[in-house]
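The values are calculated or read from the model by the stated rules, or taken from the named source; none is laboratory data. These figures come from a predicted structure and were not determined experimentally. Every residue, glycine as well, gets a Cβ built from its backbone with ideal geometry; the counts of neighbours run over all protein chains shown. Heads up: the accessible areas ignore ligands, DNA and RNA and are worked out on the full protein's heavy atoms, side chains in. Shrake-Rupley method; radii C 1.70, N 1.55, O 1.52, S 1.80 Å.
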Amino acid sequence: MTDTASKAASKASVGTDRPGRAGAPVALPGPAPRSWRARLLRGATPWLFMAAALALLVTFTYAPVANMIAYSFTDWDGVSPELAYTGVENYGDIFTRPELFQVFFVSLYYLAASVVQIAAALYFATILSFNTRFRNFFKGVLFFPYLINGVAIGFVFLYFFQDGGTLDSVLALFGVDTDRAWLGTSTSANTSLAGVSVWRFMGLNFVLFLGAIQSIPSELYEASELDGANRWQQFRHIIAPGIRPIITLSAILAISGSLSAFEVPYIMTGGATGTETFVIQTVKLAFQFNKMGLASAAAVVLLLIILAVTWVQRRLVPDDKVDLV
């Protein structure tokens, strides 16, 4: 009696839950296929969110770059509505005039300053990532210069380095008698300007390094302390490998910034006393000598140099993911 009832119940359940022949499994109906309108709307939704940003990017970045490349093949003076196509004459003029490339030697000062800048930012970021007294105050002090406008920084340090200015007054308090023009010679002027760049941009690298260091799991520090590791060993085996992608990024920004230095040297010296950078030279070609075509070609050359240096650096130092666990 019991077996007969159980068989009947199982047949009833099969008949009610899955339609079809008794005992035969039948697949449940799946979701209805999407219409072409739904698929189109789903694919276009991300682009709709990015439309405004892409429009601004194309309008103020890619379109000007395209115009600059087009002008580099002309003899346009920047004023006349007429311009003649000259082919690669501007590029040949750039590569056959060594004085146009001699200004790249000035970038070596800024490149050396970038090394000091990255090292100092990494040092302070490592120190302030641990429990240090007044660390929030020092974070603000280090990052504050990056928030100041470059033109304002140029005028401030112009008075700082002038004869009898702030620097001479501070040195006089320590009994140092300085009778020299800090911006009067090529070496001292470029060294002073590179020092200003260290003060200004160290805050950016500091924040990048600090954020990367704080993203490292704290368990790694605790385990290393149990193993008897000191701060230097923690930096060498935990911090440095963990933030290697950020160090690579900072190096790329440092090289591109060294090649394209403009604001501070232009405000403080205007390119005089051997402080003219490639960008200052390009601006003079365009607006002082009215050679917009040649200046556009110089800008394209600078862009290609920066892209090539970045590509070589990425090939030499690949961005590999580091597993610290």
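Points worth noting:
- In this structure, the amide hydrogen of Phe101, modeled 1.01 Å from its nitrogen in the peptide plane, lies closer than 5 angstrom to no residue at least 5 positions away or on a different chain.
- Zero-based 10 Å bins, Cα pair distances in segment 159-275, whole percents: 12, 29, 22, 19, 15, 3
- Across the accessible surface of segment 94-316, with the other protein chains kept in place and a 1.4 Å probe, carbon and sulfur atoms take up 66 percent.
- If R0 is 22 Å, the Cβ-Cβ spacing of Thr273 and Gln102 corresponds to a FRET efficiency of close to 0.90.
- The phi torsions of segment 35-45, fed into the Karplus equation with coefficients 6.51, -1.76 and 1.60 and a -60° offset, translate into couplings of 6, 5, 5, 5, 5, 5, 5, 5, x, 8, 4 Hz, rounded to whole numbers, with Gly and Pro shown as x.
- Compactness ratio for segment 105-182: Cα radius of gyration over 2.2 N^0.38 Å (N = residue count) comes to 1.41.
- At 1.567 mPa s and 4 °C, Stokes diffusion of segment 70-140 via Kirkwood alpha-carbon radius, µm² per second: 77
- With contributions of -39500 (n - 2.57) from each DSSP H run of at least four residues, the per-residue ellipticity at 222 nm computed over the chain stands at -20500 deg cm²/dmol.
- Scattering profile of segment 94-316 at q = 0.17 Å⁻¹ [log10 I(q)/I(0), Debye over alpha-carbon scatterers]: -1.22
- In the context of the full set of protein chains, residues of the chain present 64 Å² of accessible surface per residue (probe radius 1.4 Å, heavy atoms only).
- Taking the Cα centre of the chain as reference, the dipole from Cβ charges on Lys and Arg (+1) and Asp and Glu (-1) amounts to some 1860 debye.
- Segment 82-114 residues near the modelled Leu303 label - backbone nitrogen below 15 Å, point 7 Å along Cα→Cβ: 91
- Built amide H within the under 5 Å cut-off of Thr74, gap 5+: Thr86
- Size of charge dipole - segment 49-162 - debye, nearest 20, with Cβ of Lys, Arg +1 and Asp, Glu -1, no other charges: 1060
- Calculated from the alpha-carbon coordinates, segment 42-104 shows an Rg and a Dmax of 18.3, 56 Å respectively.
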